[in-house]
Amino acid sequence: MNTGTEWAVDVDVVFMAGEPDGGKLLVVRPLTDARSAPDSILARSLLNQRRLGVAEFDTGLTMTRCNAALESLRPAGAGEDWLFDLREAEGGRTVREILHQVAASGTPVVGADFQYGTPGLEPVLSLACFPLDDGHARRGVAVVTTEPAARLRAHDRLTDAYRRALEIGESLDVVRAARDLVDVLVPALGDLACVDFPDDVLQGRDPALGYPGHAASNPRRVAVKAMDGTWPAPLVQQGEPVPAPARVEDAAVSVGGVINIDAATARRVLGGDREMIARMMPEGMHSALGCPLYHRSRLFGYVLVWRTKTPDPFGGPEIRLLQDLCDRTAMSLDNANRYAREHRTALVLQRSLLPPAVTESQAAETSGIYLPASGTLSVGGDWFDALPLSSTRIGLVVGDVIGHGLQATATMARLRTAVQTLADLDLPPDELLTHLDDLVQRMQRESDQPDTVGASCLFAVYDPVTRVCQMASAGHPAPALLLPDGDAELAPVVPGPPLGVGDNPFEVLEVTLPPDSVIALYTDGLVDYHRDIASGGEDLLRSLRRFHTPDRSLEAVGREVMGCHPHPERPSDDVTLLLVRTKAVADTNTAHWEYPADPAAVHGARRDVNAQLEAWGLEDLAFSTELIVSELVTNAIRYAGDPVGLRLIRGRALVCEVSDPSNTQPRLRRALNTDEGGRGLFLIAQLASRWGCRYGTRGKTIWAEQAVGTA
């Protein structure tokens, strides 16, 4: 309302010395220059303030205009003359009396706190009153009101608490969420705060079904915060179990699940037990708030906030804030619980699909380490494998599936099974990766999201007889090679495209390794943590030179190498490392002959084998080995031509190999009673523990193993 009255004010902000938190006092005084009209920029801005109530009165104290902010400060249930009825907190004068005094004397009154009714209650607002003069006569008085300084500071604390509440639960770690919560509660609400969790929440299980007033089972204190930084010794400490008090009585005031309790009621709830009171009530406590962490019908914990040094009791805004903070925290705990459950399920599945961490064979000893990703990522699809192959050879595998979670783990399981099956066919590394690439492409066609299906893989085969290691890579980092003399390098393998790309052949690298060489196969999580993979590979080579010695176990070496990772306990990506220490079959444990395509050569083959077995002390295997050699050499001479090669390898098993230039696939079948042939491979299958066929660049090799125990 504009009455045409000319008035103007000057506004200053004065910092009050001695006030807590550097309190501010708004001082408003009349301008000596009356040319500033009510509709000036200053007047309009003052009337438009949302937190400053402004009112103008004539000399008869009739209100001529006010702004909306003043009406918003009116207490609930107050009448039209509510402003006149306010009484000064110190001095006892009413606003009406002060307005009469200012109108009569022209002396402003500033910084006074006013309240309703009995002295000692919380102030309603602060008021500044000043005369309105036009330079010739007094035209009236004006009032500018604000909330009291203490209430403004409390409002700022609550606003800051709501802002900081957005950070609660970002880590998906339940203990971290509890610590974030108490950091917000102190000092925003109280002087002391704590959070208690039941064992189910701490162990990643779904908490029991309950209701807001239900007591959690086996609670444990997981987070505490004190205003002065020191948690009182008599209280339950962080990490300790929390004793169960009696149920809260009706004397405690419950608002929306929040318990507002005073000291006397708290002692009554604790049954007057002095020891329990000392453990559950801080010294000097006069009021406390308690609120359950409750979401989806499950009780995730309980929160307690105490006031000891802060004199004011808890009010409605504090109760609403605690309820809001607990609701948000309970939701984040539920999310963290579901994440932990999925992560644990995927991890258990992942570990169940991986091979034994340590293996030992005649070809090599191996040690594998797998660390799942942490943080916001779930477990991924990294895997490793050490596969026993024919003729004492070993297959080495390491792979990395795209993505994380159960989908990646399932993809890894299919690929690992496929690699085991293809390796059992004795395929060379490049052919195995080609077949694996076809499988991934088929999986992409079957998937609703083909871009999420893919992997990198490296497959190697080490032969302890020839000491040659063949390897091929499908988009995977090159393995590290450490020789016995301390020389180390990354294998110069040429990586092909990742699995699922297709249309590109894979190249095979052959390297000859002396005994006690170390091959380190890994996924990019081990080396690509803050820079390029090549630099990380150089770090890996230095770690191998530093930590590996011939007399040290590969498990210990692997732990040391993993310890060089910047975040060994919480890697941002899955980390996999497979260490392989090669062995060699001594020349004295092998024998090799070649025969022409002459049926008479079968007799010579039997004679040579029997002599070699006698020299090795394996006479008990002479009869079965003679039958196997006779059948295989006879078939090679009859169907394949010369040259026919025969090799014996002694180890934990006696391996008999017959090679010929033919690529014909041998097939096992059951011969009928009327058939004249067809019983050769069936006989071999009965005598040998394992048998099979593999193909080389020229011809094939049929092999059979017989167990002889440890060499």
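The values are calculated or read from the model by the stated rules, or taken from the named source; none is laboratory data. The structure displayed is predicted, hence computed values, not measured ones. Note that each Cβ is placed from the backbone with ideal geometry, even for glycine, and that neighbours are counted across all protein chains shown. To get the accessible areas, we keep the full protein, side chains included, count just its heavy atoms, and leave off ligands, DNA and RNA. Shrake-Rupley method; radii C 1.70, N 1.55, O 1.52, S 1.80 Å.
Using the alpha carbons of the range 543-641, what is the convex hull volume per residue in cubic angstrom, as a whole number?
Normalising the Cα hull of the range 543-641 by residue number yields 203 Å³.
Pull out a ≥ b ≥ c, the square roots of the eigenvalues of the alpha-carbon gyration tensor of the range 433-504, then state rounded if a/c is under 1.5, prolate if not and a/b is larger than b/c, and oblate in the remaining case.
Note, shape of the range 433-504 comes out prolate.
Could you look at the range 46-89 and say what percent of its accessible area is carbon and sulfur, using a 1.4 Å probe and all protein chains?
45
Provide the solvent-accessible area of LYS583, counting protein heavy atoms only and rolling a 1.4 Å probe, rounded to the nearest 10 Å².
About 50 Å², rounded to the nearest 10.
Starting from the residue with the highest accessible area, list VAL468, VAL303 in decreasing order, probe 1.4 Å.
Descending order: VAL468, VAL303.
Could you put ARG65, ARG274, ARG267 in order of accessible surface area, largest first, with the 1.4 Å probe and the full protein assembly present?
ARG274, ARG267, ARG65
Sequence-distant or interchain residues sharing an amide H contact under 5 Å with LEU293, placed H: which?
The list, which skips near neighbours in sequence, is PHE300, GLY301, TYR302, VAL303.
Provide the FRET efficiency to the nearest 0.05 for the ARG96-ILE41 pair, computing r from the beta carbons and using R0 = 25 Å.
Calculated value: 0.20.
Please compute the net charge surrounding ALA480, taking Lys and Arg as +1 and Asp and Glu as -1 over other residues with Cβ under 12 Å from its Cβ.
-2
Treating only the Cβ atoms of Lys and Arg (+1) and Asp and Glu (-1) as charged, compute the dipole magnitude of the range 308-402 about its Cα centre; round to the nearest 20 debye.
Using only the charged Cβ atoms, the result is roughly 120 debye.
Give me Rg/Rg_expected for the range 290-380, where Rg uses Cα atoms only and Rg_expected = 2.2 N^0.38 Å with N residues.
Against the empirical 2.2 N^0.38 Å value, I get 1.88 for the range 290-380.
Would you rank TRP616, TRP593 by solvent-accessible area, highest first, keeping every protein chain in place and using a 1.4 Å probe?
TRP593, TRP616
For every other residue with a beta carbon closer than 12 angstrom to the beta carbon of ALA288, add +1 if it is Lys or Arg and -1 if Asp or Glu, then tell me the sum.
-1
Quick one: if you stick a label point 7 Å off each Cα along the C-beta vector at ARG546 and SER297, how many nm between them?
5.5
Show me 598-608, 282-292 ranked by packing, highest mean number of other Cβ atoms within 10 Å first.
Peptide ranking by packing, descending: 282-292, 598-608.
At R0 = 51 Å, how high is the FRET efficiency between ALA78 and GLN203 if r is their beta carbon distance? Nearest 0.05 is fine.
0.40
Which value, in Å² and to the nearest 10, is the accessible area of SER367 when all protein chains are kept and the probe is 1.4 Å?
Surface accessible to solvent at SER367 totals approximately 10 Å².
Net charge near ARG546, counting Lys/Arg +1 and Asp/Glu -1 over other residues with Cβ under 12 Å of its Cβ?
Local net charge: +1.
What is the Å³ per residue value for the convex hull set by the Cα atoms of the range 365-497?
Given the Cα convex hull of the range 365-497, per-residue volume reads 122 Å³.
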